[in-house]
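The values are calculated or read from the model by the stated rules, or taken from the named source; none is laboratory data. What you see is a predicted model, and the numbers here were worked out from it, not measured in a lab. Don't worry about glycine lacking a Cβ; one is built from the backbone with ideal geometry, like all the others, and counts go over all protein chains shown.
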């Protein structure tokens, strides 16, 4: 009798452990889907260049894009944007250039994590090409320029006249 209860308890604990592992494993893709749908955390969309070029251009409106760059304290890099801000027409394909420089004496790989503010504006900000899509490896003292090509959807609400595109570079563990 006691042995049957022990088996039941062990089986229950094993099933709960498996369920918890499965839930934890599913959280990352679920989080990405929720962020993409809601614009939470400033996640941006990704479009092809063909889709971007076929977008309707709004010549009568200017939107200011500010660039914010950060480097995690564990990454000995210098990182910035060539321009601090730019004015664009919604529906127009644009390019901004960023740079990264490895200040250490060893090869280091980093990954940029993007964000757009406001969260609502992030729903209308789409990238066709970005250095944040891949990891960047820099040799000691190496400096590179990295483009990001983007389009702001002309459906961006009129009340939004400024967006902030922010990147934070993190060290990729070896």
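Which residues, counting only those in the stretch 104-114, are more than 18 Å from residue 156 (Cβ to Cβ) and either touching a residue at least 60 places away in the same chain (Cβ under 8 Å) or surrounded by fewer than 17 Cβ atoms within 10 Å (Cβ to Cβ) (or both)? Before the answer, list the steps.
In the first step, residues of the stretch 104-114 are kept if they are more than 18 Å from residue 156 (Cβ to Cβ); the result is 104-113.
Of everything in the stretch 104-114, those that are more than 18 Å from residue 156 (Cβ to Cβ) and either touching a residue at least 60 places away in the same chain (Cβ under 8 Å) or surrounded by fewer than 17 Cβ atoms within 10 Å (Cβ to Cβ) (or both) turn out to be 104, 105, 106, 107, 108, 109, 110, 111, 113.
So which residues in the stretch 63-91 are touching a residue at least 60 places away in the same chain (Cβ under 8 Å) and more than 14 Å from residue 170 (Cα to Cα), if there are any at all?
63, 64, 65, 66, 67, 68, 82, 88, 90, 91
Based on what the data block shows, is residue 136 within 18 Å of residue 79 (Cα to Cα), crowded, with 16+ Cβ neighbours inside 10 Å and over 14 Å from the mean Cα position of the chain (by Cα)?
Yes.
Within the stretch 132-147, can you find the residues that are at pLDDT 95 or above and outside any loop (DSSP other than H, G, I, E, B)?
Hits for the stretch 132-147 are 136, 137, 138, 143, 144, 145, 146, 147.
When only residues in the stretch 115-131 that are in a helix (DSSP H, G or I) and surrounded by 20 or more Cβ atoms within 10 Å (Cβ to Cβ) count, which is modelled with the highest pLDDT?
If we take residues in the stretch 115-131 being in a helix (DSSP H, G or I) and surrounded by 20 or more Cβ atoms within 10 Å (Cβ to Cβ), then 131 is modelled with the highest pLDDT.
Would you confirm, using the coordinates I've provided, whether residue 81 is in the same structural domain as residue 121 (by TED's automatic domain parsing), loosely packed, with under 10 Cβ neighbours inside 10 Å, within 24 Å of residue 146 (Cβ to Cβ) and at pLDDT 80 or above? Explain how you work it out, then say what you get.
Details: in the same structural domain as residue 121 (by TED's automatic domain parsing): yes; loosely packed, with under 10 Cβ neighbours inside 10 Å: no; within 24 Å of residue 146 (Cβ to Cβ): yes; at pLDDT 80 or above: yes.
So residue 81 does not fit the description; no.
Which numbered condition trips up residue 5, out of (1) surrounded by fewer than 14 Cβ atoms within 10 Å (Cβ to Cβ); (2) in the same structural domain as residue 163 (by TED's automatic domain parsing); (3) at pLDDT 85 or above?
Of (1) surrounded by fewer than 14 Cβ atoms within 10 Å (Cβ to Cβ); (2) in the same structural domain as residue 163 (by TED's automatic domain parsing); (3) at pLDDT 85 or above, only one is false for residue 5: (2).
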